Amino acid sequence: MRCRAGLHFAAVIVVLMITWGIAIKSFDVRETARSVFGCNDIDQITTKIKTDTKTAEAKCSLSRACPPDHFALHIRSGAANIVGPKICFDGKIIMSHVLNNVGPGLNIVVVNGESGIVEKFGYLNMKDGNPEDIMAYLTEITPGMIVFVASFDDVTKKMTKEMREVFAGMGSTLIKSVKHRDSWVFAGRAGTGNKSLFEKQAVNDKKTNIYEGWPDVVEVGGCFPRTPTDGQKP
């Protein structure tokens with residue numbers, strides 16, 4: 001019994017000595033680094049390493065995180081006239097069927113392109129709305145604003161040539177071909193005229209429709225560039 005107790009005590013002593021040795025070596029390494037880099041520099045390096053190891057969070061169901069000068073987005077059109085669209089911006093769902101804030105026509109979110117603040121959102125009723133009111137809403141969107149749009153039901157009943165021109169001025173290349181019951185999603189920037197990389201259309205065609213009389217859902221997602229501040233290049 002005494003022999004076992006003695007072995008146990010000896011083992012504890014060995015572990016303590018090994019631990020003490022590792023601590024001394026760690027301290028020596030740190031002190032050596034301090035002498036090379038300076039007292040404060042080594043702490044800054046340690047902090048930087050800890051910061052760099054943190055990975056940015058992916059948002060809006062994207063597979064990767066967006067760079068600091070980009071916003072995460074995901075836009076999905078409505079399914080026929082049954083399930084409403086969904087618009088996610090910077091990790092937050094702004095409009096969706098579940099939130100019960102979507103409607104027939106153009107579901108639209110307007111974001112300040114510099115700050116990322118959602119300025120306004122809602123749906124433009126393209127079935128029963130007043131074309132003059134719809135056009136007034138679109139023309140009030142100032143240059144630099146980021147605009148997200150998702151179709152639900154039919155978007156062409158109240159659509160005018162002038163409305164299509166507004167979206168074309170935001171970078172849409174498909175809006176002029178959108179027809180009765182087509183599915184359409186789009187993200188662009190007001191006043192730029194540059195072709196948007198975030199746009200898709202599903203044509204209403206009896207041969208390819210997956211719903212009865214309706215085309216498939218379309219969606220886009222990715223990292224949208226922040227609007228450059230004054231003096232910066234786009």
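Does Met163 fit the bill of being open to solvent by less than 80 Å² (accessible area, probe 1.4 Å) and touching a helix residue (DSSP H, G or I) at 6+ places or on another chain (Cβ under 9 Å)?
Against the criterion (open to solvent by less than 80 Å² (accessible area, probe 1.4 Å) and touching a helix residue (DSSP H, G or I) at 6+ places or on another chain (Cβ under 9 Å)), Met163 qualifies.
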- Of the conditions (1) under 30 Å from Lys206 (Cβ atoms); (2) surrounded by 18 or more Cβ atoms within 10 Å (Cβ to Cβ), the single one that Ile141 does not satisfy is (1)
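Going residue by residue through the range 207-223, is there one that turns out to be under 26 Å from Ala58 (Cβ atoms) and polar (S, T, N, Q)? Spell out how you get there, then give the answer.
First, the residues of the range 207-223 that are under 26 Å from Ala58 (Cβ atoms): 216-223.
Next cut, polar (S, T, N, Q) only: none.
Scanning the range 207-223, I find no residue that is under 26 Å from Ala58 (Cβ atoms) and polar (S, T, N, Q), so the answer is no.
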- Given (1) crowded, with 21+ Cβ neighbours inside 10 Å; (2) under 30 Å from Glu57 (Cα atoms), number of the condition Arg181 does not satisfy: (2)
- Task: Report yes if some residue within the range 200-210 is over 20 Å from Cys88 (Cα atoms), in a helix (DSSP H, G or I) and either open to solvent by 40 Å² or more (accessible area, probe 1.4 Å) or without any contact (Cβ under 8 Å) to a residue 24 or more places away in the chain (or both); otherwise report no.
- Result: no
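Based on this model, can you work out whether Gly193 counts as in contact with a helix residue (DSSP H, G or I) (Cβ under 7 Å, 6 or more places away or on another chain), loosely packed, with under 14 Cβ neighbours inside 10 Å, modelled with pLDDT under 95 and of a type in the set (Gly, Ala, Ser)? It would help to see each step written out before you state the result.
Values: in contact with a helix residue (DSSP H, G or I) (Cβ under 7 Å, 6 or more places away or on another chain): yes; loosely packed, with under 14 Cβ neighbours inside 10 Å: yes; modelled with pLDDT under 95: yes; of a type in the set (Gly, Ala, Ser): yes.
Taking the combined requirement at face value, the residue satisfies it.
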- Item | Complete set of residues in the range 85-138 that are buried (at least 17 other Cβ atoms within 10 Å of the Cβ), hydroxyl-bearing (Ser, Thr, Tyr) and in a loop (DSSP other than H, G, I, E, B) | Ser96
- List every residue pair whose Cβ atoms lie under 9 Å apart, where the two residues are 6 or more positions apart in sequence or sit on different chains, the first residue falls within the range 55-69 and is touching a residue at least 60 places away in the same chain (Cβ under 8 Å) and closer than 18 Å to Thr227 by Cβ, and the second residue, located anywhere, is open to solvent by 50 Å² or more (accessible area, probe 1.4 Å) and part of a loop (DSSP other than H, G, I, E, B). Cys66/Ala56; Cys66/Lys59; Cys66/Asp90; Pro67/Ala56; Asp69/Arg226
- Task: With the checklist (1) over 22 Å from Asp205 (Cβ atoms); (2) part of a loop (DSSP other than H, G, I, E, B) in hand, flag the one item Thr156 doesn't pass.
- Result: (1)
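The values are calculated or read from the model by the stated rules, or taken from the named source; none is laboratory data. These numbers come from a predicted model, not from an experiment. Cβ coordinates were reconstructed from backbone atoms using ideal geometry, including for glycine residues, and neighbour counts include every protein chain displayed. Ligands, DNA and RNA are stripped out before the accessible areas are found, and what is left, the full protein with its side chains, is counted by its heavy atoms. Shrake-Rupley method; radii C 1.70, N 1.55, O 1.52, S 1.80 Å.
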